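Okay, so here's the structure we're looking at.
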Amino acid sequence: MGVRLDRRLGGCDLVLEGIVDVFEARELHALALAAVDAGGEVTVRMEMVERLDSSAIQILLALGQTLKAVGRSYRLEGMSSAIQESWRLLGLG
């Protein structure tokens, strides 16, 4: 469980699994920076996420802002309906 960065041709996948909270924040932040440095397309894969806390959401939002600043973007894939609802309630989607 946790987070990992899978590199692929043309970009990378930031894969989140299980409960991603403040205890995973340092690793998530480091991998988000590595995803920016990797170049190409960034996909955040969330199929196996049970729960995100505000620290994880903050890091993902910062990732999006950083990529936007350099003319890139990212995709969020595999969000459960519960996580989609959380993002909607926060005004994020």
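Applying a threshold of 9 Å to beta carbon distances and a minimum spacing of six or more residues, or different chains, the list of pairs starting in segment 39-58 at a residue that is free of Cβ contacts under 8 Å to residues at least 12 places away in the same chain and ending at one that is assigned to a helix (DSSP H, G or I) and crowded, with 17+ Cβ neighbours inside 10 Å reads Gln58/Ala25.
The condition of being touching a Phe, Trp or Tyr at 6+ places or on another chain (Cβ under 7 Å) and over 17 Å from Ile19 (Cα atoms) holds for only one of Leu33, Leu67, Leu89, that being Leu67. Looking across Val49, Val36, one residue alone is of a type in the set (Val, Ile, Thr) and either in contact with a strand residue (DSSP E or B) (Cβ under 7 Å, 6 or more places away or on another chain) or outside any helix (DSSP H, G or I) (or both). It is Val49.
Bear in mind that the values in this text are calculations on the coordinates, not laboratory data. Note that the structure is a prediction, hence the values are computed from the model and not measured. Every residue, glycine as well, gets a Cβ built from its backbone with ideal geometry; the counts of neighbours run over all protein chains shown.
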